[in-house]
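Novice: Before anything else, here's the structure in question.
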């Protein structure tokens, strides 16, 4: 495991962590992560064949004592300032993708916002945007 994540890896770690914190990674969450990695410009140079390996590494880290804090530290260190809100909104979108948000996911989003120095008003706007993108007819 490397000591510094590339920005794309940091975004993936944030998404995997929010999905895994409730000890249940739903199919909807995993599909949403895969779709975002394939579609979003921020992942344009990222080879998505490594997504499974990144998810496995992040999951192994989360399973360790103090793993959640370590993941948050890695995400924070790996993200330039202009991608911090991106990490938050992508994580919020993963959390809402299965139409339910567990209390552990809410707590993770709070910790992520704190680690990335994102204010509550911005968080609320990003959460609303993520929720709006998941609406059905």
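Please treat every number below as a calculation from the coordinates, not as lab data. This one's a predicted model, so the numbers in the text were calculated from it and none came from an experiment. Counting neighbours? That spans all protein chains shown, and the Cβs are built from the backbone with ideal geometry, glycine included.
Novice: Could you list, in sequence order, all residues of the stretch 93-103 that are touching a helix residue (DSSP H, G or I) at 6+ places or on another chain (Cβ under 9 Å) and over 16 Å from residue 37 (Cβ atoms)?
Specialist: Hits for the stretch 93-103 are 95, 96, 98, 99, 101, 102.
Novice: If I ask for residues that are free of Cβ contacts under 8 Å to residues at least 40 places away in the same chain and surrounded by fewer than 14 Cβ atoms within 10 Å (Cβ to Cβ), which ones from the stretch 28-47 would you list?
Specialist: Across the stretch 28-47, the qualifying residues are 35, 38, 39, 41, 44, 45, 47.
Novice: Mind checking which residues of the stretch 9-27 are assigned to a loop (DSSP other than H, G, I, E, B), in contact with a helix residue (DSSP H, G or I) (Cβ under 7 Å, 6 or more places away or on another chain) and in contact (Cβ under 8 Å) with a residue 12 or more places away in the chain?
Specialist: Hits for the stretch 9-27 are 21, 22.
Novice: Oh, and also: So in the stretch 57-67, with the set limited to residues that are part of a helix (DSSP H, G or I) and closer than 16 Å to residue 23 by Cβ, which one is nearest to the chain's Cα centre (by Cα)?
Specialist: 58
Novice: Follow-up question, since we're still on this one. Taking residue 70 as the residue in question, decide whether it is in contact with a helix residue (DSSP H, G or I) (Cβ under 7 Å, 6 or more places away or on another chain), in a helix (DSSP H, G or I) and within 14 Å of residue 17 (Cβ to Cβ).
Specialist: For residue 70, the condition - in contact with a helix residue (DSSP H, G or I) (Cβ under 7 Å, 6 or more places away or on another chain), in a helix (DSSP H, G or I) and within 14 Å of residue 17 (Cβ to Cβ) - is met.
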